[in-house]
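Step one of this worksheet: look at the structure below.
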Amino acid sequence: TGGITTLDAGFKNTSSCESAITFLDGEKGILRYRGYTIEELADKSDFIEVIFLLIFGELPTSEQKKKFHKDIQSKSLVDADVKKILDGFPKTAHPMGVLSALTSALTAFNPQSVEVSSESDMYNAICKILGKFPVLVSWAYRKEEGLPLAYGDNTLGYVENFMKMMFESPVEKYVMNPVIVNALDKLLILHADHEQNCSTSTVRIAGSSHAGLFASISAGISALWGRLHGGANQAVIEMLEDIKADGGDYQKYIDKAKDKNDPFRLMGFGHRVYKNFDPRANIIKVAAEEVLNDLGIDDPVLDIARGLAEVALSDEYFKERNLYPNVDFYSGIIYRAIGIPVPMFTVMFALGRLPGWIAQWREMRLNKEPIGRPRQLYIGATERAFVPVEER
Ligand code: SDX
């Protein structure tokens with residue numbers, strides 16, 4: 001249709017859709033899922049309830065919650081042949097690449113999940129990915145650790161079952177620790193959705209072509225992997241470890257982050273939307289202190305994180321640019337305290353974000369949104385005649 005469009009690289013000032021799922025106010029640091037504040041949900045709800053809330057729009061009754069969890073558990077079995085795909089990866093493979101591959105492979109074992117012409121088709125596909133995804137996450141971890149793969153125990157809660165699948169040893173019973181379960185439940189709630197972030201926009205645009213749910217989630221996993229997005233939680237801990245190895249000299253890293261000639265960025269700092277504080281970072285910071293205290297762990301990296309944040313927050317460069325700790329800045333400290341290895345940090349982000357991806361994909365499909373297809377401003381060559389190779 002021609003017509004001049006305006007360039008908005010990174011969609012900084014473009015709304016891609018109307019959505020009723022998550023509300024953010026970047027100036028006031030407000031985050032609400034379906035109208036409920038993240039502070040209340042993190043404090044009073046649990047991950048299964050938040051999954052139901054994000055996808056279906058209301059907090060479940062106890063009956064609905066029980067049925068939803070049963071429906072998810074009934075579809076949690078992953079075809080044994082998926083293990084053959086896992087076997088093809090080297091042990092050194094990054095678990096995010098493993099997870100996106102295995103998630104996309106689920107389509108091959110559940111071809112009927114691609115066409116979701118009815119609400120019940122959609123519900124089946126949603127319960128399948130919610131049931132199978134924690135299994136795939138635990139397989140990615142156990143492959144890396146050289147542990148036999150597990151299928152979990154459907155008599156347990158969603159988070160308890162995940163912890164057991166991840167950490168049960170073939171030679172000793174896994175002992176559930178409520179401090180760890182509660183910390184993980186809270187982290188998963190805090191990561192569950194975040195309106196039109198990079199990976200969610202990827203899920204929506206992939207799903208807008210009517211690619212299946214599993215393939216669209218796989219695309220979202222790949223987008224989340226980047227160190228500017230979900231991959232930042234791994235990069236934060238690596239940065240804090242570097243600072244620790246460097247004698248705790250965080251001023252040197254702050255100066256590097258301010259140096260325009262140095263590509264280094266303070267990982268876990270800054271956000272496209274939050275311009276005062278990331279409410280999730282505030283909650284995670286307190287939770288990190290509580291978990292380390294409850295588990296009797298003294299992690300010097302938490303002190304470095306606190307010191308680094310304090311200095312950065314009083315530095316003109318960061319204040320002028322409204323750069324604050326984001327969701328990724330403290331989360332790795334908790335993951336590490338509960339025994340999750342660093343390469344699995346972004347996979348844990350994906351486990352938390354799965355319900356948001358599903359909710360946004362479902363909203364896009366129910367709203368019958370058109371296929372995503374942005375325009376461009378062409379700045380290439382004007383028309384020119386072909387030149388045979390002998391004359392070039
Ligand atoms: C997540 O979108 C979401 O909602 C994402 C997320 C979610 O829940 O889905 O919240 C999860 O991805 C959190 C962000 C994790 N990423 C990091 O921590 C990586 C480090 N942060 C940045 O690279 C950056 O802050 C972004 C990517 C988060 C935001 O980038 P923007 O909005 O495109 O901002 P920008 O890169 O244009 O930066 C604006 C200015 C620049 O300086 P000037 O050119 O104006 O002088 O701020 C500077 C940047 O150089 N800047 C930083 C910085 N972040 C921005 N300088 C040093 N360290 C940083 N971390």
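The values are calculated or read from the model by the stated rules, or taken from the named source; none is laboratory data. On a predicted model such as this, the values are computed, not experimentally measured, just so you know. Glycine also receives a Cβ, built like all others from the backbone with ideal geometry; neighbour counts cover every protein chain displayed. Side chains are part of the model used for accessible areas, which takes the heavy atoms of the whole protein and leaves out ligands, DNA and RNA. Shrake-Rupley method; radii C 1.70, N 1.55, O 1.52, S 1.80 Å.
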(message) Any residue at all in segment 30-50 that's open to solvent by 30 Å² or more (accessible area, probe 1.4 Å), part of a loop (DSSP other than H, G, I, E, B) and touching a Lys or Arg at 6+ places or on another chain (Cβ under 8 Å)?
(response) no
(request) Report, ordered by the first and then the second residue, all pairs with beta carbons closer than 6 Å, sequence separation of six or more or different chains, a first member in segment 264-276 that is among the basic types (Lys, Arg), and a second member that is open to solvent by less than 50 Å² (accessible area, probe 1.4 Å) and modelled with pLDDT of 95 or more. (result) Arg265/Ala257; Lys275/Gly26
(message) When you check Gly307 against the structure, is it open to solvent by less than 40 Å² (accessible area, probe 1.4 Å) and either under 26 Å from Ile51 (Cα atoms) or among the aromatic types (Phe, Trp, Tyr) (or both), yes or no?
(response) no
(request) Hey, can you tell me all the residues within segment 269-283 that are more than 10 Å from the ligand (Cβ to nearest atom), open to solvent by 20 Å² or more (accessible area, probe 1.4 Å) and within 10 Å of Asn326 (Cα to Cα)? (result) Phe277, Asn282
(request) For Glu27, work out the one condition from (1) open to solvent by 40 Å² or more (accessible area, probe 1.4 Å); (2) in contact (Cβ under 8 Å) with a residue 40 or more places away in the chain; (3) touching a helix residue (DSSP H, G or I) at 6+ places or on another chain (Cβ under 9 Å) it doesn't fulfil. (result) (3)
(request) Please work out which residue is surrounded by the most Cβ atoms within 10 Å (Cβ to Cβ), limiting yourself to segment 145-192 and to residues that are of a type in the set (Val, Ile, Thr) and within 16 Å of Val135 (Cβ to Cβ). (result) Val159
(request) Output the residue which, of all residues in segment 246-268 that are of a type in the set (Gly, Ala, Ser) and at pLDDT below 95, is nearest to the ligand (Cβ to nearest atom). (result) Gly248
(request) Check Ala350, Ala312 and return the single one that is hydrophobic (A, V, I, L, M, F, W, C), open to solvent by less than 80 Å² (accessible area, probe 1.4 Å), closer than 24 Å to Ile55 by Cβ and within 12 Å of the ligand (Cβ to nearest atom). (result) Ala350
